[in-house]
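Novice: Input: one structure, supplied below.
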Amino acid sequence: MKIGLNGQKLLIENPAGPEKYTFNLYRALAEIDNENNYVIYFNSQPSKEYFEELTNGSRNFTYKVIAYPLLWTQLGLALELIQNPVDVFFTPVHTIPLIRNKKTKFVTMIHGLEYRYTAGYKNPLLNLKIERPVRYAVKHSDKIIVPTTATRNEIIKRSWGQKNEIEIVNEGVAKRFYKRSADEIEKLREKYEIGSDPYLLFVSTIQPRKNIPGMVEAFSLALKENKIPQNTKLLISGKKGWDYEESLEAPRKFGVEKNVNFLGRVPDEDMPALFSGASAFINVSFEEGFGLPILEAVGCEVPCVVSDIPPYKEVGGNFSVYVDPNNIESIKDGIVKIINQPASPGAINGAKQRAGEFTWEKTAQKILSVFQNIIKNS
């Protein structure tokens, strides 16, 4: 079987969640599959070192550079797949060509439908660039993959697809996310000038749906009401997304500039120690498709306070403190509880075991099974 993989976003600087998903999945496929042949489609030339790392040196993987600066998917990729069809084409970026070779089966990963919070969504013209491609990909792919039951249910609710067309395949957790030593944590604290203060950790791209202003306001109330130690810090790790200005302004607005630090995008190699040193992980997003940072946190033995939304509850189980993201008092109470009532060793061990169930090898194996079944049943 010849499998094509969309690598359009792999080479961007400062990759976010979808790009990390793509890298980890493709690397895991290279590790588990020695039978099928893969071709990754890039929009620019990858370095030899990068491609070796991505594919783990597998001889089953090759690549093709499609140098189309505009309409990469609809012109460059479409033409390539028509001229040189593959058996299965997989894309993790919510879009497929309008013109497709009937010999190729298309499989699309839908990470979530939280684009209602994307910049320009309320503009009818810009919305055509946001919702319509996703809806088209769902309706016209041969198989849809989603990370949670919540995302599948939302697709069905919108009448975009039927249950038998959608496969649930959870994301994986990198093996590096485990509790780090006191020395590693101390070096990390020195590097980011955290000192010895306790801290809450938020990890994600800075954008409106992440509800950072609400999180900061609730944190400020917990401090002002003396319900958590006055030297507690809130560390916000992540690159700037869209409409980030309100988030950056929030600490000054709520009078906690000295307690809130924006770290920018933290290198991947620093994240396990940053998690390990935290009193808790916090994320009170309005919407999400999955909850990978929750699993990364508990892998590092860190409790979590997160939104009471279906994807988070599906991933977080009973080891997280859940709050209403639309209620500042609820968020504040969650922060107070997580700081003053640390999780028991038993709860942490149970959470670690659950996090250990989510591996990239399992994710890759399940997705490979989707590829195999779609060809078998065609």
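The values are calculated or read from the model by the stated rules, or taken from the named source; none is laboratory data. A quick note: this is a predicted structure, and the numbers were derived from the prediction, not measured. Heads up, the Cβs are rebuilt from the backbone with ideal geometry, glycines too, and the neighbour counts pull from every protein chain shown.
Novice: Among the residues of the stretch 132-154, how many are surrounded by 22 or more Cβ atoms within 10 Å (Cβ to Cβ) and either in the same structural domain as G317 (by TED's automatic domain parsing) or within 19 Å of the chain's Cα centre (by Cα) (or both)?
Specialist: Residues in the stretch 132-154 being surrounded by 22 or more Cβ atoms within 10 Å (Cβ to Cβ) and either in the same structural domain as G317 (by TED's automatic domain parsing) or within 19 Å of the chain's Cα centre (by Cα) (or both): 7 in total.
Novice: Which one is farthest from V88 (Cα to Cα), of the residues in the stretch 1-53 that are among the aromatic types (F, W, Y), in a helix (DSSP H, G or I) and touching a strand residue (DSSP E or B) at 6+ places or on another chain (Cβ under 9 Å)? I'd like the intermediate steps shown before the answer.
Specialist: Going through the stretch 1-53, the residues among the aromatic types (F, W, Y) turn out to be 21, 23, 26, 38, 41-42, 50-51.
After this cut, where a residue has to be in a helix (DSSP H, G or I) as well, the list is 21, 23, 26, 50-51.
Applying the additional criterion that residues be touching a strand residue (DSSP E or B) at 6+ places or on another chain (Cβ under 9 Å) yields 21, 26, 51.
Numbers: Y21: 19, Y26: 14, F51: 21 Å.
Looking at the filtered set, the residue picked out is F51.
Novice: Related question: Working carefully through the options E13, E52, E19, find the one that is in the same structural domain as P97 (by TED's automatic domain parsing) and at pLDDT 95 or above.
Specialist: E52
Novice: Within 27 Å of K376 (Cβ to Cβ) and under 21 Å from the mean Cα position of the chain (by Cα): which single residue out of L54, L5 fits that description?
Specialist: L5
Novice: Would you point out which residue out of E171, E190 is out of contact with any strand residue (DSSP E or B) (no Cβ under 7 Å at 6 or more places or on another chain) and either in contact (Cβ under 8 Å) with a residue 60 or more places away in the chain or surrounded by 18 or more Cβ atoms within 10 Å (Cβ to Cβ) (or both)?
Specialist: Only one candidate qualifies: E171.
Novice: Among what's in the stretch 305-323 and is of a type outside the set (V, I, T), closer than 20 Å to K352 by Cβ and free of Cβ contacts under 8 Å to residues at least 60 places away in the same chain, pick the residue that is surrounded by the fewest Cβ atoms within 10 Å (Cβ to Cβ). Walk me through how you get there before you give the answer.
Specialist: So the first thing to find is which residues in the stretch 305-323 are of a type outside the set (V, I, T), and the list is 307-308, 310-314, 316-320, 322.
With the extra rule that they be closer than 20 Å to K352 by Cβ, the set shrinks to 312-314, 316-320, 322.
Filter once more, keeping what is free of Cβ contacts under 8 Å to residues at least 60 places away in the same chain: 312-313, 316-320, 322.
Working: Y312: 24, K313: 17, G316: 23, G317: 14, N318: 10, F319: 20, S320: 28, Y322: 18.
Ranking the candidates gives N318 first.
Novice: Now for a separate question. Could you go through the stretch 159-170 and let me know if any residue there is among the aliphatic types (A, V, I, L, M) and in a loop (DSSP other than H, G, I, E, B).
Specialist: yes
Okay, residues lined up against (1) farther than 24 Å from T359 by Cα; (2) crowded, with 17+ Cβ neighbours inside 10 Å:
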site: P15; (1), (2): no, yes
site: Y38; (1), (2): no, yes
site: P46; (1), (2): yes, yes
site: E53; (1), (2): no, no
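Novice: Please find, among F286, F290, the residue that is closer than 23 Å to I348 by Cα and within 16 Å of the chain's Cα centre (by Cα).
Specialist: F290
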